[in-house]
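I have placed the structure first, in the form of structure tokens, so that the comments after it can refer back to it.
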Amino acid sequence: MYAIIQARGRQLKVSPGAVVEVDGTPGEAGSPFTFDQVLLLEKDAGDIVAGAPYVANARVLGVVAGEARGPKLRVFKTKRRKGFRKTKGHRAVFTRVRITDIQV
């Protein structure tokens, strides 16, 4: 059984027991988290249910496992023959969510 969900503008394929990284910080470690935007659902019997755009009455339940930070990214800008050079960077903050159940 697996589902394709939409979380924070990204589409993720999840199954029970999987750990996914979601942008942003929805809650503290140990708190429950629910994904309501289920795009596609594959049941145990092999039946596939596609939503238009979302599958009705389907949701994915999970528990927040903690926060993590992505790799450091460098953004470098330059303009030729002008002497303009600028360096900036950032690290994205992710929240790890452990998927516990897929409900239909």
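Consider only pairs whose beta carbons are under 8 Å apart and that are at least six residues apart or on different chains; among these, list those whose first residue lies in segment 60-73 and is in a strand (DSSP E or B) and whose second residue is among the acidic types (Asp, Glu).
Matching pairs, first to second residue: 60/101; 61/101; 64/28; 68/21.
Could you tell me which residue of segment 57-76 is farthest from residue 27 (Cα to Cα), considering only residues that are open to solvent by less than 70 Å² (accessible area, probe 1.4 Å) and of a type in the set (A, V, I, L, M, F, W, C)? Let's see the steps before the verdict.
Quick first cut of segment 57-76, residues open to solvent by less than 70 Å² (accessible area, probe 1.4 Å) only: 58, 60-66, 68, 70, 75.
Those still in the list that are of a type in the set (A, V, I, L, M, F, W, C) too: 58, 60-61, 63-65, 68, 75.
Values: 58: 22, 60: 16, 61: 14, 63: 10, 64: 7, 65: 10, 68: 13, 75: 29 Å.
Filtering segment 57-76 for residues that are open to solvent by less than 70 Å² (accessible area, probe 1.4 Å) and of a type in the set (A, V, I, L, M, F, W, C), the one farthest from residue 27 (Cα to Cα) comes out as 75.
Among residues belonging to segment 1-10 that are touching a residue at least 40 places away in the same chain (Cβ under 8 Å) and in contact with an Asp or Glu (Cβ under 6 Å, 6 or more places away or on another chain), point out the one that is surrounded by the fewest Cβ atoms within 10 Å (Cβ to Cβ).
Checking each candidate, the answer is 1.
Restricting the search to segment 11-56, which residues are of a type in the set (A, V, I, L, M), outside any loop (DSSP other than H, G, I, E, B) and either open to solvent by 40 Å² or more (accessible area, probe 1.4 Å) or under 30 Å from residue 71 (Cβ atoms) (or both)? Let's see the steps before the verdict.
Pass one, segment 11-56, residues of a type in the set (A, V, I, L, M): 12, 14, 18-20, 22, 29, 38-41, 45, 48-50, 52, 55-56.
Then keep just the ones that are outside any loop (DSSP other than H, G, I, E, B); that gives 12, 14, 19-20, 22, 38-41, 48-50.
Once the filter is applied, which keeps residues that are of a type in the set (A, V, I, L, M), outside any loop (DSSP other than H, G, I, E, B) and either open to solvent by 40 Å² or more (accessible area, probe 1.4 Å) or under 30 Å from residue 71 (Cβ atoms) (or both), segment 11-56 yields 12, 14, 19, 20, 22, 38, 39, 40, 48, 49, 50.
Could you please find all residues in segment 1-10 being under 13 Å from residue 41 (Cβ atoms) and either acidic (Asp, Glu) or not in a strand (DSSP E or B) (or both)?
1
Report, ordered by the first and then the second residue, all pairs with beta carbons closer than 6 Å, sequence separation of six or more or different chains, a first member in segment 13-34 that is at positive phi, and a second member that is assigned to a loop (DSSP other than H, G, I, E, B).
24/8
Please identify the pairs in which a residue from segment 41-55 that is touching a residue at least 40 places away in the same chain (Cβ under 8 Å) has its Cβ atom under 6 Å from the Cβ atom of a residue that is among the basic types (Lys, Arg) and not in a loop (DSSP other than H, G, I, E, B), counting only partners at least 6 apart or on another chain.
Close Cβ pairs satisfying both conditions: none exist.
Please enumerate the residues belonging to segment 77-104 that are closer than 30 Å to residue 20 by Cα, in a strand (DSSP E or B) and either open to solvent by 100 Å² or more (accessible area, probe 1.4 Å) or free of Cβ contacts under 8 Å to residues at least 40 places away in the same chain (or both). Give the derivation first.
Initially, segment 77-104 is screened for residues closer than 30 Å to residue 20 by Cα, giving 88-104.
Still in the running and in a strand (DSSP E or B): 88-90, 93-103.
Selection gives 88, 89, 90, 98.
The values are calculated or read from the model by the stated rules, or taken from the named source; none is laboratory data. No experiment lies behind these values; they were computed from the predicted model shown. Every residue, glycine among them, receives a Cβ derived from its backbone with ideal geometry; neighbour counts consider all protein chains shown. Side chains included, ligands, DNA and RNA excluded: accessible areas come from the protein's heavy atoms. Shrake-Rupley method; radii C 1.70, N 1.55, O 1.52, S 1.80 Å.
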